[in-house]
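The values are calculated or read from the model by the stated rules, or taken from the named source; none is laboratory data. In this text the structure is predicted, and so the values were computed from the model without any measurement. Cβ placement follows ideal geometry from the backbone for every residue including glycine, while neighbour counts extend to all protein chains displayed.
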Amino acid sequence: MDSCDLGYVYRTELPDGRVIKLPYRIALKQAAYYSAACIFHDEAPLPAVKGSHLCADCAEGLRKSVADIAESWTDLEAAMLPGGRAASSEPVSGGKELYPPLPINTDVADVRERIRSIVWCIVGQLIQDLPDRKLPADQSAGVLASWLLNWHVGYLVTHPSANHLRAVSLDLAAVAWEARGVIYRSKPVEVSVPSARCPQQVISKGPDGKTVSSPCPGEVLAVDPGDGRKVVRCSVDITHRVPADQWFYTHANRRPGRARAALAKKYLKVGK
Ligand SMILES: [Zn+2]
Ligand SMILES: [Zn+2]
């Protein structure tokens, strides 16, 4: 990422026109002499907020990108796992694993990696410029993004390096956009299949201590976890799942039409 080129000293134009390199705090004192135009509108210049590099709209856009990233972090964590389930969710006991554990959603993992990278570029530059700033104890990218949002947007928009600000603004806007996209796409969609019972057996201990096997009380849910692998699974035990096409083939095909047609239309997109 362009925004990751850390600087120690900044090219600074003095009021008399001389250009020199100064460390952050001294360079920042020259902020009153920053260009009067926002750095983002080459063709139709707009005035920047005094002492910063951005117009009010672009500053708000930057703030919104950081806010979106902070807010999406937990959703991204959930979205990384198929069906949007938390990493810690234990398989329900007695369930038979019919389908191998699903891999993480790599699109989401990639976006999380990019968020981590841009957030740490900003934070890395910030602690170099302002070594006395204390970082939050929790240094997940989501917490750091909130910290930047609450305390350091001003630091960014007035940064002596307009290039740093330009690069981070563009990168933040891009990853915030990607984050919204993958979260939207990975929202699991669940539809219950009318009057279809889970075909699995549940093993439990009877009162006499012997294991007994009984039909699973779960209903059948068709789930689109957003990773392109539609599955049919049980409402009670998430380990009771089979690929949707297989389920439709072995079970639903034998059922009279209506439910199957509705589902097939919704899920398999095969028309009526
Ligand atoms: Zn602007
Ligand atoms: Zn079940």
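One residue alone among Val49, Val9 is surrounded by 12 or more Cβ atoms within 10 Å (Cβ to Cβ), more than 22 Å from Leu170 (Cβ to Cβ), at pLDDT 80 or above and within 34 Å of the chain's Cα centre (by Cα), and that residue is Val9. Just name the residue that is farthest from ligand 1 (Cβ to nearest atom) out of those in the range 25-44 that are assigned to a loop (DSSP other than H, G, I, E, B) and of a type in the set (A, V, I, L, M). My answer is Ala36.
This table checks each residue for (1) outside any loop (DSSP other than H, G, I, E, B); (2) modelled with pLDDT under 75; (3) touching a Cys at 6+ places or on another chain (Cβ under 8 Å); (4) surrounded by fewer than 16 Cβ atoms within 10 Å (Cβ to Cβ).
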position: Pro194; (1), (2), (3), (4): yes, yes, no, yes
position: Gly228; (1), (2), (3), (4): no, yes, no, yes
position: Asp237; (1), (2), (3), (4): no, no, yes, no
position: Gln246; (1), (2), (3), (4): yes, yes, no, yes
position: Tyr249; (1), (2), (3), (4): yes, yes, no, yes
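Taken residue by residue, the range 1-24 has at least one member that is in contact with a His (Cβ under 8 Å, 6 or more places away or on another chain), in a helix (DSSP H, G or I) and touching a residue at least 24 places away in the same chain (Cβ under 8 Å).
The residues of the range 36-60 that are touching a His at 6+ places or on another chain (Cβ under 8 Å) and without any contact (Cβ under 8 Å) to a residue 60 or more places away in the chain, listed by number, are Cys38, Cys55. Residues in the range 14-23 include at least one that is more than 25 Å from Arg133 (Cβ to Cβ) and either modelled with pLDDT of 90 or more or touching a helix residue (DSSP H, G or I) at 6+ places or on another chain (Cβ under 8 Å) (or both). Among the candidates Ser213, Ser117, Ser140, the residue that is surrounded by fewer than 19 Cβ atoms within 10 Å (Cβ to Cβ), of a type in the set (Ser, Thr, Tyr) and not assigned by TED's automatic domain parsing to the domain that holds Tyr24 is uniquely Ser213.
The residue of the range 196-206 that is farthest from Val119 (Cα to Cα), among those that are surrounded by fewer than 19 Cβ atoms within 10 Å (Cβ to Cβ) and modelled with pLDDT of 80 or more, is Lys205.
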